[in-house]
Amino acid sequence: MMDLFDAPPEPKAEKKPASNLPELTVTELSLVLKRTVEDAFSYVRLRGEISGFKRAASGHMYMALKDTDSVIDGICWRGQASKLSVLPEDGLEVVVTGKLTTYPGRSKYQIVIESMELAGEGALLKLLEERRKKLAAEGLFAEERKRPLPFLPQVIGVVTSPTGAVIRDILHRLKDRFPRHVLLWPVMVQGEGAAEQVARAIAGFNRLPDGGKVPRPDLLIVARGGGSLEDLWAFNEEVVVRAAAASEIPLISAVGHETDTTLIDFASDRRAPTPTAAAEMAVPVRTDLIAMVKDMDRRAISGLNRQLQETARHLEGLGRGLPKPDSLLQVASQRLDDYAERLGLGWQAGLRSLEQRTALAGSRLRSPREVLDHKAERLAGLGERLNTALNQARRQAERRYEDRRLGERLDQAFGRIATDGNRHLERLDAQLEALSYQNVLKRGYAVVRDENGQVISTAEAAHAAGNGSVGFQDGGVDVVFGAGSFADVITKRTQPKPKAKAKKTEAAKPDEAEAKPENRQGSLL
């Protein structure tokens with residue numbers, strides 16, 4: 001029983017009739033939802049794994065971003081797709097920024113992607129390792145593909161940013177070691193489009209002709225300063241690695257610092273830990289070369305002097321073993337004196353004359369010192385001739401190196417000229433084949449010639465020729481040209497032959513022969 005002091009129950013609220021609510025169409029409701037979602041989520045940073053990626057013919061990109069529990073559709077319009085720093089692919093974990101919107105046609109919400117980046121360094125390293133294995137399997141990193149660097153390049157091409165410190169470090173180092181002619185191809189080394197610019201620069205240097213207005217480099221250096229893995233990512237792109245591997249000019253990669261490693265380091269002919277080290281690899285030290293040449297020259301002169309001194313000491317030793325000429329003549333003089341005393345005064349005059357001749361002969365003998373001086377002069381002359389021969393040998397070696405380098409460049413130029421000539425001949429052959437009249441014959445046409453092989457182009461010429469031939473694409477047929485149509489020829493051939501007369505006169509034979517249909521052959525043309 002209800003207590004008398006209890007409040008009476010509240011009356012139930014009556015439902016308002018449906019006619020009081022505003023009616024919305026599906027499109028109106030979809031537009032309201034679209035504005036609400038876009039206003040509430042005008043800028044969103046979203047992380048997820050790409051799934052179901054596809055690129056439409058219009059250039060727009062469609063994909064889905066998912067994690068362990070949820071999925072959201074994503075779209076990137078064509079104008080923004082070309083500016084993405086990461087090329088989307090299935091299974092790639094990325095962080096995208098954009099705004100949320102709805103698609104009324106399917107009552108679904110989606111994110112309009114404005115930028116995309118890889119989700120963390122771990123994903124970058126995973127992608128880098130997969131790309132490295134792929135390119136290594138193609139043989140782009142094989143050691144046998146790498147070429148030696150030129151000892152002293154005349155022209156060095158540098159691919160780097162024109163405003164950074166890298167180009168100044170390279171130029172300063174080259175100036176200190178061995179000044180060379182440097183060509184700079186300015187490129188972006190970081191950000192959107194940097195990889196394409198670096199690849200085009202490498203290919204552009206390789207397309208320069210030998211002996212052109214712009215000299216062709218003998219060596220390339222691709223350089224950039226240090227940075228994070230994301231900053232150096234342009235040099236891990238496949239287009240840059242393939243351009244470096246395809247370069248005909250020897251290439252040094254100098255990207256980052258000692259601990260930084262990019263994929264272009266594997267494809268280049270030599271890796272430098274820093275841009276400054278790349279300049280040191282490119283050229284030797286000029287002062288060291290000069291010192292080395294001078295040291296070799298000093299050693300050659302020193303060796304020659306030692307040989308001359310040893311020869312002089314040897315000659316002096318031989319000279320000390322020989323007796324003096326005076327001592328040899330003393331015995332003879334004493335013997336002459338004895339002879340003079342025994343022969344008497346009559347022989348004194350003759351003996352004096354003999355003594356004078358003997359003294360004159362003794363004066364003509366050269367002393368060992370004179371012999372040594374003569375040998376020393378001769379050795380000095382030989383030393384000068386040896387220095388001249390060494391200088392000539394050095395110049396010949398330089399000329400042989402230059403001739404070998406020019407020969408290699410000539411072989412490359414001849415190969416390119418031969419290739420261009422073959423291509424030109426192939427194009428001319430194709431044009432000749434297209435203009436050949438044989439192709440016209442294959443389409444059902446024929447060429448008419450007279451007995452002499454001259455082409456007949458009019459009916460009057462055919463009547464005048466009498467006999468001739470008709471050429472088809474697979475052969476020719478001999479014909480006889482005459483008056484009358486095709487129908488007349490058929491009629492004449494189908495008429496019965498007249499009965500032969502018993503006797504014919506000799507005079508009538510020519511006319512009768514002309515009257516026989518079988519003796520006249522009409523033209524089918």
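Under a 5 Å amide H to amide H cut-off, with H placed in plane at 1.01 Å, what residues pair with residue 113 once short-range neighbours are removed?
75, 76, 77
Given the pairs 54/126; 99/126; 294/375; 54/108; 83/146, which are separated by over 24 angstrom at their Cα positions?
Violating the 24 Å limit, Cα to Cα: 99/126; 294/375; 83/146.
Ranked by Cβ crowding within 10 angstrom, fewest neighbours first, how are 108, 375 ordered?
108, 375
Under 5 Å between amide H atoms, partner at least 5 residues away or on a different chain: which partners does residue 255 have, H built in plane at 1.01 Å?
Residues meeting the amide H criterion: 224, 272.
Take the alpha carbon gyration tensor of region 26-118, find the square roots of its eigenvalues, order them as a ≥ b ≥ c, and report rounded if a/c is under 1.5; if not, report prolate when a/b exceeds b/c, else oblate.
Prolate, because a/c is 1.5 or more and a/b exceeds b/c.
With labels modelled as points extended 7 Å from the Cα through the Cβ direction, what inter-label distance (nm, one decimal) is found for residue 60 paired with residue 404?
Taking the simple label geometry, residue 60 and residue 404 are separated by 6.3 nm.
For residue 35 and residue 228, FRET efficiency with R0 = 35 Å and r from the beta-carbon atoms, rounded to 0.05?
0.30
How large is ³J(HN,Hα) for each residue in region 87-102, as worked out from phi by the Karplus curve 6.51 cos²θ - 1.76 cosθ + 1.60 (θ = phi - 60°), to whole Hz, x for Gly and Pro?
Running phi through 6.51 cos²θ - 1.76 cosθ + 1.60 with θ = phi - 60° gives 7, x, 7, 4, x, 8, 8, 9, 10, 10, 10, x, 10, 8, 8, 10 Hz.
Sort out for me the Cα centre separation of region 134-166 from region 226-295, rounded to whole Å.
6
What are the ³J(HN,Hα) couplings of region 289-297, residue after residue, when phi is run through the Karplus curve with 6.51, -1.76, 1.60 and θ = phi - 60°? Round to Hz, x for glycine and proline.
My calculation for region 289-297 gives 5, 4, 5, 5, 5, 5, 5, 5, 5 Hz in order.
Evaluate the distance, in nm, between pseudo-label points positioned 7 Å from the Cα of residue 390 and of residue 378 along their respective Cα→Cβ axes.
2.3
Compute the projected area of the convex hull of the Cα atoms of region 150-284, averaged over all viewing directions, and report it in nm² to one decimal place.
Value for region 150-284: 7.2 nm².
We did not get these values from a lab; they are worked out from the coordinates using the rules stated. Treat the numbers as computed from the prediction; the structure is a model and nothing was measured. With ideal geometry, Cβ positions are generated from the backbone for all residues, glycine too; neighbour counts draw on all protein chains shown.
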